[in-house]
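Everything below concerns the one structure shown next.
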Amino acid sequence: MGLHEDSLEFGICPSVSGFGPKPLLFGIWYLEFDPWSLEFGYFCSPLWRTGKEIVVSGIRSTGFLHLGNYFGAIRNYIRMQEDFNCYFFVADWHSLTTHPDPKDLRGNVFRVLAENIASGLDPEKVALYAQSDVPEIAELYLLLNMLAYKGELEKVPTFKDKVRLQPQNVNAGLLTYPVLMSADILIHRAVKVPVGKDQEQHLEMARNFAQRFNGRYGELFPEPVAFNFGDNLIRIPSLDGNGKMSKSENEMATLYLADTDDMIRKKVMKAKTDSGPAEEGAPMPETIANLFLLMQQVSSPDVTDKFKKDYEDRSIRYGDMKKQLAEDMVNFIAPIREKAKELQQDQTYLNRIMKTGAEKARASAAQTLQAARKLIGIEYYG
Ligand code: ATP
Ligand code: MG
């Protein structure tokens with residue numbers, strides 16, 4: 001199957017391979033080497049095939065989603081779903097590095113799916129799937145592993161952290177986590193990856209692996225970049241100032257999308273503060289800056305400005321600020337929590353979404369894998 005038939009599948013612009021003048025149909029035509037057929041020809045720009053750039057991102061099925069997942073990743077997913085060709089997945093293979101209880105896995109996968117949809121993701125507009133439903137990813141992971149070196153993998157800060165935190169379980173999956181993540185992204189030849197700040201370095205590795213593959217075997221993969229609407233990638237800190245909010249660590253300092261109103265209030269009121277700004281112009285302590293960061297995400301700009309002004313003239317009362325933040329947080333989280341609860345009652349619907357998403361994802365993944373095999377020389381029967 002060539003690029004040409006695929007473009008028909010998307011229904012935008014049929015393309016004709018081979019040399020010579022070509023009729024201009026709907027797209028931008030150009031002469032290019034086609035990795036699918038391994039020949040030169042006139043093609044329509046990939047952008048015109050769907051009219052959209054390709055986006056991939058995933059969330060591990062390691063527990064309840066939290067504000068960090070929402071503001072670092074999901075908020076971007078929702079904004080991208082209109083204008084990009086999006087593949088979003090539940091990273092169940094990635095969750096196996098910590099050997100979760102098999103009884104919990106299924107529930108965790110469907111919860112992540114439901115919480116994504118409850119946050120505003122429209123499964124009709126994006127491919128929403130489970131990583132393990134797309135076996136092509138595992139094969140590309142194997143192929144990329146041949147281009148990944150032990151030394152570089154051992155230097156990854158997230159790997160070093162895990163070694164420190166779980167010295168009894170430093171498995172090869174943990175070491176090659178960035179390779180699997182690269183396969184997740186490159187399998188759809190994605191260009192943009194909406195993720196939080198903690199994933200920045202993994203994206204750099206994905207670009208390295210893409211480059212290495214292209215250099216050795218021929219152009220196949222674009223170099224993907226970490227993406228966030230606005231300027232910088234986001235990191236939502238934990239409420240006690242120790243690291244980031246996380247699904248699998250620091251439960252009482254993380255605000256989950258499934259937290260009850262009372263639990264949200266309790267956690268926010270316990271957030272770490274100090275006795276107030278000591279002198280004018282002194283730098284803002286990290287824990288206070290963290291509270292302002294959270295407020296900026298969920299409160300109206302005039303509320304945040306009021307507390308900023310109170311901070312500057314040193315009249316701020318952190319108790320009042322936290323009360324306000326807690327109420328705004330409750331208003332933000334409660335509708336998502338309720339919607340996610342409702343969705344989790346409808347297993348038939350969730351099954352259908354996940355199956356349809358896997359079909360879309362496999363169609364795209366199979367094309368890339370076929371091209372990768374061909375470039376490597378794994379092509380014995382043609
Ligand atoms: P785990 O503790 O199991 O690793 P996690 O909370 O770190 O869970 P991931 O599944 O690893 O979540 O990451 C899913 C997405 O959420 C990624 O794009 C990641 O960058 C983003 N993310 C996770 N935590 C935060 C955070 N505190 N702030 C911003 N983005 C975050
Ligand atoms: Mg993580």
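The values are calculated or read from the model by the stated rules, or taken from the named source; none is laboratory data. What you see is a predicted model, and the numbers here were worked out from it, not measured in a lab. So basically every Cβ, Gly included, is an ideal-geometry build from the backbone, and we count neighbours across all protein chains shown. With ligands, DNA and RNA removed, areas are computed over all heavy atoms of the protein, side chains included. Shrake-Rupley method; radii C 1.70, N 1.55, O 1.52, S 1.80 Å.
Computed quantities for the displayed model
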quantity: Criterion: away from ligand 2 (no atom under 16 Å from the Cβ) and in contact (Cβ under 8 Å) with a residue 24 or more places away in the chain - qualifying residue of 183, 206, 172; calculated: 183
quantity: Subset of segment 106-130 (residues that are more than 27 Å from residue 158 (Cα to Cα) and part of a helix (DSSP H, G or I)); calculated: 114, 117, 118
quantity: Test for residue 193: is it open to solvent by less than 10 Å² (accessible area, probe 1.4 Å) and either away from ligand 1 (no atom under 13 Å from the Cβ) or closer than 30 Å to residue 366 by Cβ (or both); calculated: yes
quantity: Meets criteria (surrounded by fewer than 16 Cβ atoms within 10 Å (Cβ to Cβ) and of a type in the set (Asp, Glu)) for residue 152; calculated: yes
quantity: Answer from 111, 106 - the residue that is farther than 16 Å from residue 205 by Cα and without any contact (Cβ under 8 Å) to a residue 24 or more places away in the chain; calculated: 106
quantity: Residue 198 being of a type in the set (D, E, K, R) and either free of Cβ contacts under 8 Å to residues at least 60 places away in the same chain or more than 16 Å from residue 369 (Cα to Cα) (or both); calculated: yes
quantity: Checklist (1) more than 15 Å from ligand 1 (Cβ to nearest atom); (2) open to solvent by 30 Å² or more (accessible area, probe 1.4 Å); (3) without any contact (Cβ under 8 Å) to a residue 24 or more places away in the chain applied to residue 251, failing item; calculated: (1)
quantity: Sole residue being within 22 Å of residue 345 (Cβ to Cβ) and buried (at least 20 other Cβ atoms within 10 Å of the Cβ), chosen from 178, 123; calculated: 123
quantity: Single unsatisfied condition, residue 242 versus (1) away from ligand 2 (no atom under 16 Å from the Cβ); (2) out of contact with any strand residue (DSSP E or B) (no Cβ under 9 Å at 6 or more places or on another chain); calculated: (1)
quantity: Any hit, segment 219-227, residues being within 14 Å of ligand 1 (Cβ to nearest atom), assigned to a loop (DSSP other than H, G, I, E, B), touching a residue at least 40 places away in the same chain (Cβ under 8 Å) and in contact with a strand residue (DSSP E or B) (Cβ under 8 Å, 6 or more places away or on another chain); calculated: yes
quantity: Hits in segment 94-108 (condition: in contact with a helix residue (DSSP H, G or I) (Cβ under 8 Å, 6 or more places away or on another chain) and surrounded by fewer than 23 Cβ atoms within 10 Å (Cβ to Cβ)); calculated: 94, 96, 97, 98, 99, 100, 105, 108
quantity: Some residue of segment 123-136 being touching a Cys at 6+ places or on another chain (Cβ under 9 Å) and of a type in the set (Lys, Arg); calculated: yes
quantity: Filter result (under 19 Å from residue 71 (Cβ atoms), part of a helix (DSSP H, G or I) and charged (D, E, K, R)) within segment 233-276; calculated: 251, 267
quantity: Filter result for residue 241 (open to solvent by less than 50 Å² (accessible area, probe 1.4 Å) and over 29 Å from the mean Cα position of the chain (by Cα)); calculated: no
quantity: Pick from segment 209-238, criterion open to solvent by 80 Å² or more (accessible area, probe 1.4 Å) and over 26 Å from residue 150 (Cβ atoms), ranking: farthest from ligand 2 (Cβ to nearest atom); calculated: 219
quantity: Qualifying position, being more than 14 Å from ligand 1 (Cβ to nearest atom) and without any contact (Cβ under 8 Å) to a residue 24 or more places away in the chain, among 215, 243; calculated: 215
quantity: Which listed residue is more than 16 Å from ligand 2 (Cβ to nearest atom), open to solvent by 60 Å² or more (accessible area, probe 1.4 Å) and modelled with pLDDT under 95, from 274, 262, 302; calculated: 274
quantity: Residue identified as assigned to a helix (DSSP H, G or I) and either surrounded by fewer than 20 Cβ atoms within 10 Å (Cβ to Cβ) or over 22 Å from the mean Cα position of the chain (by Cα) (or both) among 365, 282, 334, 361; calculated: 334
